[in-house]
Amino acid sequence: MSRDLKALGWLIHAQLLRIAREGLVVRALIWPGLLTALTLVISSTVVLAFYADNELALEPGHPELVAQLEERGLAVIEVPDPRALLDREEVPRAAYREGEQWVLATTRSGRLSLATEGVLREEIGANWKLKTPKPGARQVELGATLRVLVGMLGVLYALYGVVFGAAALSRDRGNGSLDADLSLPISRGIHALARILASSLALGAGIAVTLGLLGALIGVEQPVDWWSAVTLAGATCTAMGLAWMAASPGESLTGPLSRGMTLSLGAITLGFGAPQIGRHLPLASLGAMVKGVPPSFLAWVLCGLCIAGACWVFDRKLK
Amino acid sequence: MRPARLLAVAWRDLRLISGGRGWWKLPALAAGLLLPVGVIPLDIPTSLEALPARAQGQIPESLQALIEPSAQAPVGFTRAEEPTIRATRIPLATREALDTLPGPSVRIEDLGSEPELPGRSLLVALLALSLMTGPLAESLAGERAKGTLTTLLAAGISRSELAWGKWLAWTGSATLATALVAIGGLASGSQEWGPWPLGLPLVAGAAVALGLWLGRSAADEVGSATRTMRVLPMAALLLGGAAWFLRGISPALGAAVPLGGALLVAGNLAVSPVELLAALVGNGLAITAMLAGVTRALDGRPPWVDVPGLLRDLALIGAAALCWWLPIIGPGIWGIAGNAELSASLDPRVGLATGALLFLGIVGIDAARLHTSTGLKPPSLLGISVGFAAGGALAVLTQWELPELGLASGELAEMAQLRLGRGVLPPVAVFALVLPAQELLFRGWLQRRSPLLALLAWVLVCTPLDPVTGLISGLLLGGLSRWKGWWAALAAHLGWWAVAGLLGA
């Protein structure tokens, strides 16, 4: 037993070194977060440079309206014919009266146009009112969008788990290094466990850096829950990929990899659709997390059972 | 190129990867995924304006017949009695329903162009593309790992026949699968006739060529699969986005974007003969170029563009700067955009800790990759004492105006100072994480590659706004590291930070 445990530690170390030595794999773990963070900054800069046009042409004679609009972040230009300015594409929006009715003409929909509409509606006591979030406040919608963004990155890391499980075994079987591994005087299950734990550690480190980057840049709520959900999903995917590959001796990598990826995505989708059930299942809990529901303790237990099952399959079915 | 050889290579690849007892599993999986998406009739809107009227919250009674409740709607009622909504976007149907309420209203004239939504055939193309990850990872890299690629290269076929044969195998099978789905979709009436079926083989061809090119130098399936999984969706997203954007300038230009143009055709967004021709030419040229790259790699020739050593070093400095500054100064973008509250609400500790962890990651991974240790020698008492004293002297010498963690003062650095300030992380975390990470990267790792590179990187990455101080401190820390090892440099850095803090206080 102690020999197995000692071997487990060394095998995990060896597997981690192999992962670190593969430039493509390391880049796969680090780049998604770095690239997403960089893209976020670049997109914001581009949006800032090209689309942050806050001008509004308004007919003169409405000083209170101007004050309210400026408070909402708009730069008001008072001109007798606001529509002409819009038609000449000198401003992105124009507000003017047509008889008793206000008209808001815009070439750019978005927060500022909605804010203008909200102020105009308030002014005339319209049939329905419109409230838009004030700039500066952290918006509820941002939280939901961010969860989708982090969730997509999480899915990518979970799918890497399938690759680490299935493709690494396929490679080692193909190049003969698996035979060398299995010649060690330890249980076969220990090899499987080492592969799964090493993969989970690598995936856990990758998602931790990603969460750190996104957390620093835009703020991720429930970072520990996110880390748990993605690491759980990664460990389960690795176990699944490994078990499928071990149980399919006559098959090439393509079949187990495609099946593993499809099943993983299916389970994650299930968790997204039914988060209160999904939070108790290891893969589905990642989908549940996108809805803000963290994984339960049962999910960890079931993940452990999946890993145990994969070790058993590896021990019994691998030829 | 000889067609018979091409077909032979393609047939061999298909048999090798999809053959054996489980040959039916991949086609069954493809059918199980693609058929429901492509064939089952669904009521999918063709534009954002065609979305039904939906809202969250308590919908007023008079509108309940017109607006459906939905937790995902972008519109939410905050008060039902005097109808007030909160919205980030108001779809046309919801606005029309709201305007049925009696009373004065504001007339909206939206003169912006409403984006057209792609057809569901785009989803079929993207799903088929996602199923290619496994075969593409296995086709070249798998053969390389098993050693069978050498046998193939020694056979009586040219390198280009090998590359094109492999491309043919997977483009052919993806085209066949999507064509069957297209026929099923047209027969069931779930999709309308149009030029989109022409886009499906174009997407398959471009994606397979890109997948083969990405895996051209991968040593095995793991490297190839992770690379394909990472890059292929991103490339589809970016090139699709670029094609969409360029379409606004010139439809033919958008359609000519490799892969992106093919996605436009597959999504029924590029329908004119000129666009179809542009998509065919653009994608054809890109496929040819990528497969030429694969052929070159199979030949063992270096890539067309060989990055010289100096550029590599500059890229290394750039990567280090990115790892450090992106999480630390990145949040400032919201302040520049006018949302200073959001910038201020983001915890600077996370950025600082992430930057330090990324530095440690660079060093650890490279040490593992090069089969070396991090080069740390055992600490010596003399080195540590001299280092600490030298660091303290450096703080005095530079009149303790040194900013914390290496950044200089200056107007531009004001926001960064705030996020790098002395109080951001507790001193223990600075001593245990941030300063060791900086020292490991610059004096431990980069200095072993080249002392000059380490000095340059230190100045450019950590003290870009005060290069003189950067140069003095870099020379001192680098010299100490060379004389008494990394521990001495770390002690100097600690002394510098601690004494500057004490004198500043």
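Values in this text are rule-based calculations from the coordinates and carry no lab data. As the structure is a prediction and not an experimental result, all values here were calculated from the model. Note that each Cβ is placed from the backbone with ideal geometry, even for glycine, and that neighbours are counted across all protein chains shown.
Do any chymotrypsin sites (Phe, Trp or Tyr not before Pro) in segment B:156-235 lie in a DSSP loop with no more than 12 other beta carbon atoms within 10 Å, and if so, which? Intermediate results must be reported in sequence, preceding the final value.
On the way: sites: B:TRP164, B:TRP167, B:TRP170, B:TRP193, B:TRP213; in loops: B:TRP193.
When the chymotrypsin sites (Phe, Trp or Tyr not before Pro) of segment B:156-235 are filtered for loop state and at most 12 Cβ neighbours within 10 Å, B:TRP193 remain.
Please report the antiparallel percentage of the DSSP beta bridges confined to the protein assembly as shown, to the nearest 5.
Working: 11 of 29 bridges.
Here the share of antiparallel DSSP bridges comes out near 40 percent.
Based on other C-beta atoms within 10 Å, arrange B:MET290, B:MET229, A:MET245, B:MET1 from fewest to most.
Working: B:MET290 22, B:MET229 25, A:MET245 29, B:MET1 10.
By the 10 Å Cβ count, ascending, the order reads B:MET1, B:MET290, B:MET229, A:MET245.
Between B:LEU111 and B:ILE183, what length in nm is gained on full extension when 0.36 nm per residue of separation is reduced by their alpha carbon distance?
Details: separation 72, 0.36 × 72 = 25.92 nm, distance 3.84 nm.
Full extension of this stretch gives 22.1 nm more.
Once R0 is set to 45 Å, what does the formula 1/(1 + (r/R0)^6) return for the Cβ-Cβ distance between A:SER296 and B:LEU237, expressed as a FRET efficiency to the nearest 0.05? Don't jump to the answer; show the numbers that get you there.
On the way: r = 33 Å, r/R0 = 0.74.
Efficiency, rounded to the nearest 0.05: 0.85.
Give the relative contact order (percent, whole number) for chain A; include only Cα pairs under 8 Å separated by 6+ residues.
Normalised by residue count, the contact order of chain A is 18 percent.
Give me A:THR106, A:THR262 ranked fewest to most by other Cβ atoms within 10 Å of their Cβ, as a rough exposure proxy.
Fewest-to-most Cβ neighbours within 10 Å comes out as A:THR262, A:THR106.
On a full-extension model of 0.36 nm per residue, what is the gain between B:ILE40 and B:MET1, subtracting their alpha-carbon distance, rounded to one decimal in nm?
Details: separation 39, 0.36 × 39 = 14.04 nm, distance 4.17 nm.
So the extension gain works out to 9.9 nm.
Once you have a ≥ b ≥ c as the square roots of the Cα gyration tensor eigenvalues for segment A:53-124, tell me rounded if a/c is under 1.5, and otherwise prolate or oblate according to whether a/b is larger than b/c. If you can, show how the numbers build up before the last one.
Details: a/c = 1.34, a/b = 1.08, b/c = 1.24.
Rounded, since a/c falls under 1.5.
Mind giving me the FRET efficiency for B:SER385 and A:TRP312? R0 is 45 Å, r the Cβ-Cβ distance, nearest 0.05 is fine. Intermediate values should be presented prior to the final figure.
Values: r = 57 Å, r/R0 = 1.27.
For R0 = 45 Å, the calculated efficiency reads 0.20.
5 Å is the cut-off here: which amide hydrogens, built 1.01 Å from N in the peptide plane, fall below it relative to B:GLU109, excluding neighbours closer than 5 in sequence?
A:LEU104, A:ALA105, A:THR106
Considering amide H positions built from the backbone, and no H for Pro or chain starts, which residues 5 or more places from B:SER380, or on another chain, come under 5 Å of its amide H?
none
In a shell of Cβ-Cβ distance under 11 Å around B:VAL294, excluding B:VAL294 itself, what net charge do Lys and Arg (+1) and Asp and Glu (-1) give? Walk me through the intermediate numbers first.
On the way: positive: B:ARG159, B:LYS166, B:ARG216, B:ARG296; negative: B:ASP299.
After counting each charged neighbour, the total is +3.
If amide hydrogens are placed 1.01 Å from N in the peptide plane, which non-local residues have theirs closer than 5 Å to the one on B:ARG54?
Long-range HN contacts for B:ARG54: B:GLU68, B:THR94.
Between the DSSP loop rule and a limit of at most 13 other Cβ atoms within 10 Å, which trypsin sites (Lys or Arg not before Pro) in segment A:1-95 are left?
Values: sites: A:ARG3, A:LYS6, A:ARG18, A:ARG21, A:ARG27, A:ARG72, A:ARG83, A:ARG88, A:ARG93; in loops: A:ARG72, A:ARG88.
Answer by residue number: A:ARG88.
Assuming R0 = 56 Å, can you tell me the calculated FRET efficiency for the pair A:VAL46 and B:GLU192, based on Cβ-Cβ distance, to the nearest 0.05? Walk me through the intermediate numbers first.
Values: r = 35 Å, r/R0 = 0.63.
Using R0 = 56 Å, I get an efficiency of 0.95.
Provide the per-residue ³J(HN,Hα) series for segment B:189-196, in order, calculated from phi with Karplus coefficients 6.51, -1.76, 1.60 and θ = phi - 60°, each as a whole number of Hz, with x at glycine and proline positions.
Here the 3J(HN,Hα) series is x, 6, 10, 8, 5, x, x, 4 Hz.
Output wanted: per-residue J couplings in Hz (rounded whole) for segment B:430-447, from phi through Karplus 6.51 cos²θ - 1.76 cosθ + 1.60, θ = phi - 60°, x for Gly and Pro.
After applying 6.51 cos²θ - 1.76 cosθ + 1.60, I find 5, 5, 8, 10, 6, 5, x, 5, 4, 5, 4, 6, 7, 8, x, 9, 5, 5 Hz.
Using only Cα atoms, find the angle between the long axis of helix B:309-329 and the longest principal axis of chain B, and express it within 0 to 90 degrees, rounded to the nearest 10.
Result, in degrees: 90.
How do A:HIS280, B:HIS493, A:HIS13 rank when sorted from fewest to most other Cβ atoms within 10 Å of their own Cβ?
By the 10 Å Cβ count, ascending: A:HIS13, A:HIS280, B:HIS493.
If I fit a long axis through the Cα atoms of helix B:467-484 and take the longest principal axis of the Cα atoms of chain B, what angle between them do I get, 0 to 90°, rounded to 10?
Tilt relative to chain B: about 70 degrees.
So, counting K/R as plus one and D/E as minus one, what does the shell of residues with Cβ under 10 Å around A:LEU178 add up to? Please report the intermediate quantities before stating the final value.
On the way: positive: A:ARG171, A:ARG173; negative: A:ASP172, A:ASP179, A:ASP181.
Spelling it out: positives minus negatives among the neighbours equals -1.
Any idea how many Lys pairs in chain B come in under 28 angstrom at the alpha carbon, given 8 or more places apart or on separate chains?
Working: B:LYS25/B:LYS146; B:LYS25/B:LYS166; B:LYS146/B:LYS166; B:LYS377/B:LYS484.
Lysine pairs meeting the criterion: 4.
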